[in-house]
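Each value in this text was obtained by applying a stated rule to the coordinates, not by laboratory testing. Remember, predicted model here, so these are calculated numbers, not experimental data.
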């Protein structure tokens, strides 16, 4: 799918593209391709002379493959963007986007539609004058990516608060513990992906600043993006500490619940030990036993076993060991 955007009266407007002729008759500042097919790749190459990278090239993590200038002067960047739909069924994912800055046009290639891109398009249509050229589009994407990550962090805060209330409730069962561990693991994964996403955005913005490709206004915007990312790093570190605390607390409550079960078995074994001893004595195969011919011998033995079982239980309860 190919989306083409032109600058019209200070607004970013989308042009509907159905054929190569439609693309040739536009003067775009941003050509966004979502999972492009071979025909769309050929259109871009034939009209603009830009060869779009393949999927394997986009996923390369080496810095020399992620940020470089081609022999023809085209600038190539690879940047990660976060997708978090706040759903338990679908975990957060990181999608790598290939940016190419050529012919005063921003080309972007990615496998999935991204919420950050949708938000930038919506804002650009509603805020005239916010974008002046193709580099403004790129900086707006990075700034919006930082905002999107900040929103995701706020969601983690809220979800961890719910987990905290569940962990600290009076009756915390093993079923509750399993649900808490699942929620904690999910938030830990999202927090890690946000941290990775912000690290990659920092590298991309720093590369643009070092390359002196930005004007004074764009350079200041880039510095603000880096400051925002720095503040988000502090939040992710705090959340990692909170996640570790909740994980330790949950595991601790699981151990307490397990100890309660083990304590019941220990008390039962101690309570039934004296009756077992009495039964063993009167079960000995000796001809001469004092109570063998006694008519009250059997009920006496039963009463003795009952008393020997109840006495330890009464003592444990009085000491508070059965709670």
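How much of the DSSP bridge set in the chain is antiparallel, in percent, rounded to the nearest 5?
The antiparallel proportion sits near 85 percent.
I need to check one value: relative contact order of the chain, counting alpha carbon pairs closer than 8 Å and at least 6 residues apart, in percent.
Averaging sequence separation for qualifying contacts and normalising by length gives 14 percent for the chain.
At q = 0.22 Å⁻¹, what log₁₀ I(q)/I(0) does a Debye calculation on the Cα points of region 144-209 give, no solvent, two decimals?
-0.89
Using a Gaussian network model of the chain with C-alpha springs under 10 Å, which one of 308, 231, 206 is most mobile by mean-square fluctuation?
Comparing 308, 231, 206 in the GNM, the peak value goes to 308.
Given (i) 32, 58, 10; (ii) 24, 35, 17, 12, 10, 3; (iii) 29, 57, 14, 0 as candidate values of P(r) over Cα pairs in 20 Å bins from 0, in percent, which corresponds to the one derived from the coordinates?
Only one option fits the structure, namely (ii).
Note the angle between two axes, namely the Cα long axis of helix 297-319 and the longest principal axis of the Cα atoms of the chain, as a number of degrees from 0 to 90, rounded to the nearest 10.
Tilt of helix 297-319: around 40 degrees.
Taking only DSSP H segments of four or more residues, each worth -39500 (n - 2.57), what value at 222 nm results for the chain once the sum is divided by all its residues, to the nearest 500 deg cm²/dmol?
It comes out at -21000 deg cm²/dmol, rounded to the nearest 500.
Once both axes come from the Cα atoms, what is the angle between helix 115-126 and the longest principal axis of the chain, in degrees from 0 to 90, rounded to 10?
On a 0 to 90 degree scale, this one is about 50.
Measure nothing but the geometry: give the 0 to 90° angle between the long axis through the Cα atoms of 134-167 and the longest principal axis through the Cα atoms of the chain, rounded to 10°.
Approximately 10 degrees, to the nearest 10.
Hey, what did region 197-323 get for relative contact order, percent, Cα under 8 Å, at least 6 apart?
The normalised contact order for region 197-323 reaches 23 percent.
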